[in-house]
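Participant: Sharing a structure below in structure tokens format, with a few things to ask.
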Amino acid sequence: MKEKKFAVVGNPVKHSRSPQIHRLFSEEENINLTYDAVCVEPDNFSNWVADFFKQGGTGLNITVPFKVDAFHFADQLTRRARQAGAVNTLFKQEDGIILGDNTDGCGLINDMRDNLQWSLNNKTILVLGAGGAVRGILGPLVNEKPAKIIIANRTKSKAVQLARAFSPGLPIAGCEYSDLEDLMQADIIINGTSASLSQTLPDIPDRLINSNVCVYDMAYGAEPTVFLQWTKKYGAVCLADGIGMLVEQAAESFLLWNNVRPDTRSALNAIKEDIKK
Ligand code: NDP
């Protein structure tokens, strides 16, 4: 079989686990491919991507800071990419059209629902943060038919704006952290802020944390994130970081490109082990 060419594009991109994940998937599915990590200068993104596809590339993953550039680059967008306003996957189809997709939200849902076996249906979900990653997860989250979604963010206006954009059909509210004093209880809390990356905590009432609540931090690292450590201290037992989301979003990209969905279990275990080293 002819070797297919893929890459992840970002700046910086050295830290990316995507080449390792896609190598594991390709070995499992016996697909002949190369997958590189490429750091591109901000003003050269479109030229580089156009060249990549001209030279026979099949697909790209897009990471910070280019997800909105990729959104504008694509000839066509999937519904979830349009909802997210950002693209993390580009695919040159057989007709030559470049399709833009966003697999981040689906990756999170697959991890929570299938790997962790958390039920989202009819639950009250508190989402912390209102940046690009949260915008990407709201559409897939709404599709799971929770009872209610509350988006809380340091900058309230962004949370309110996001809630408005996704509200038709579902009770979804935007607020700031101090407004959470009025919230009785959440079933699931998703930390979609980047606070864990700077070892800080979103300022939410500790009263919301107990043994009944499931806590997901989209950030990840060798150790449990500061947010997961803090929630554990206040009694949460059902905890997960974003490694599963990372592997699951990669699996969705792999499916789009290769028409086969890899079994994510062995790749997830391998990445979890490797990240601890
Ligand atoms: P953005 O920069 O777009 O948004 C950052 C968000 O975090 C904003 O809502 C910001 O609030 C908030 N924030 C930042 N610092 C703090 C703080 N100290 N206290 C409270 N809130 C804070 O980032 P992204 O949305 O792209 O990424 C968010 C997180 O999701 C990151 O940790 C990233 O690593 C993770 N992620 C994980 C993925 C995975 O596959 N596991 C995929 C994509 C992202 P404000 O609006 O007030 O500035």
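Participant: Report, ordered by chain and residue number, the lysines lying within cross-link reach of Lys14, taken as a straight Cα distance under 21 Å and ignoring same-chain residues fewer than 8 apart.
Facilitator: Lys5, Lys67, Lys272, Lys276, Lys277
Participant: Quick check: from the Cα gyration tensor, does the range 2-51 come out rounded (a/c under 1.5), prolate or oblate?
Facilitator: In terms of gyration-tensor shape, oblate.
Participant: Along its three principal axes, how long is the range 101-187 when you only count alpha carbons? Whole Å, largest extent first please.
Facilitator: Per principal axis, max minus min of the Cα coordinates gives 33, 30, 22 Å.
Participant: Work out which GluC sites (Glu not before Pro) in the chain are exposed loop sites (DSSP not H, G, I, E or B, at most 12 other Cβ within 10 Å) and give the longest gap free of them.
Facilitator: The longest uninterrupted stretch comes out as 95-277.
Participant: Give me Met218, Met112, Met1 sorted ascending by neighbouring Cβ count inside 10 Å, so fewest comes first.
Facilitator: Met1, Met112, Met218
Participant: Pick out, from Ser26, Gln83, Thr58, the residue whose Cα sits farthest towards the positive end of the charge dipole of the range 1-99, with +1 on the Cβ of Lys and Arg and -1 on the Cβ of Asp and Glu.
Facilitator: Value computed over the given set: Gln83.
Participant: Would you list, by chain and number, the lysines whose Cα falls below 24 Å from the Cα of Lys2, excluding same-chain residues fewer than 8 positions away?
Facilitator: Lys54, Lys92
Participant: Less than 13 Å Cβ to Cβ from Leu180, Lys/Arg counted +1 and Asp/Glu -1: what total charge do the surrounding residues give?
Facilitator: After counting each charged neighbour, the total is -3.
Participant: GNM, the chain, Cα, under 10 Å: largest mean-square fluctuation among Ser16, Ser198, Ser167?
Facilitator: So, out of Ser16, Ser198, Ser167, the one fluctuating most is Ser198.
Participant: To continue, here is another question. Using a Gaussian network for the chain with springs between C-alpha atoms less than 10 Å apart, which of these wobbles most: Gly85, Gly192, Gly129?
Facilitator: Among Gly85, Gly192, Gly129, the largest mean-square fluctuation in the Gaussian network model of the chain belongs to Gly85.
Participant: Taking +1 at the Cβ of each Lys and Arg and -1 at the Cβ of each Asp and Glu, which of Thr155, Met184, Phe166 sits farthest along the dipole of the chain towards its positive end, judged by Cα position relative to the Cα centre?
Facilitator: Met184
Participant: Using Cβ-Cβ distances only, list the Cys residues of the chain with no partner cysteine under 4.7 Å, sorted by number.
Facilitator: Taking the Cβ cut-off of 4.7 Å, the unpaired cysteines of the chain are Cys39, Cys106, Cys175.
Participant: Further question: Which of Val13, Ile204, Gln117 sits closest to the plus end of the dipole of the chain, meaning its Cα is farthest towards the positive end, when Lys and Arg get +1 and Asp and Glu get -1 on the C-beta?
Facilitator: Ile204
Participant: Follow-up. Give, rounded to the nearest 20 debye, the magnitude of the charge dipole that the chain has about its Cα centre when Lys and Arg contribute +1 at Cβ and Asp and Glu contribute -1 at Cβ.
Facilitator: With Lys and Arg at +1 and Asp and Glu at -1, about 260 debye.
Participant: Report the convex hull volume per residue for the range 127-277, counting only C-alpha atoms, in Å³.
Facilitator: 128
Every number here is computed from the coordinates shown, using simple stated rules; none is lab data. Remember, it's a predicted structure, so these values are computed and weren't measured experimentally. Every residue, glycine among them, receives a Cβ derived from its backbone with ideal geometry; neighbour counts consider all protein chains shown.
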